[in-house]
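Structure record follows, encoded as structure tokens.
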Amino acid sequence: MTLGPVSILAIQFSENNFRGEILAALYDLVKNGTVRIIDAVVVAKDQTGEISVQEVNQLAPTVVAIFDPLDAEITGLLSYDDIHNLGAMLDPNSSAGLLALEHTWAERLAQAIIGANGKVVTNQLIMPDAVEEQLAVIATVQ
């Protein structure tokens, strides 16, 4: 099976205040075949810095129902180290959704690269704020 590139996305919520507003946009991406969720974990850090972890399928039934339309697979791809490294980055009294997203839009490209005996040397995701910052610097030089 040929996979598209996979990225790890962590979204922090202050005061453990996750209400599900992001799920509609994520659902649209899953529904139209742009991404596939291949692992999902919820990580929480309390006021004392204690970290707790739950796979999506371990959450309360009402919360699991929110995630059902996303058709998330729980593959175990996210390791103990991945999860606890994220937990260390969280602010106290916050939680984060940690997702492994396969970029299914790139499967055809991956197949073409393999078919051409090519090899991806690097594939980096640069966040929009970093791109905007760099473009602003370039604009001052020109």
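Could you tell me which helices of the chain pass both thresholds, a Cα extent of 18 Å or more along their own axis and a mean Kyte-Doolittle hydropathy of at least -0.5, with helices taken as whole DSSP H runs?
Working: long enough: 128-141 (20 Å, 0.71).
Qualifying helices: 128-141.
Each Lys or Arg adds one and each Asp or Glu subtracts one; over the other residues with Cβ under 15 Å from the Cβ of N93, this totals -3. For the chain, a/c is not less than 1.5, where a ≥ b ≥ c are the root eigenvalues of the C-alpha gyration tensor, and a/b does not top b/c. That puts it in the oblate class.
Each reported figure results from applying straightforward, stated rules to the coordinates on display, with no laboratory input. All figures in this text were calculated on a predicted structure; none of them were measured in a lab. No Cβ is skipped: glycine too gets one built from the backbone with ideal geometry, and neighbour counts run over all protein chains shown.
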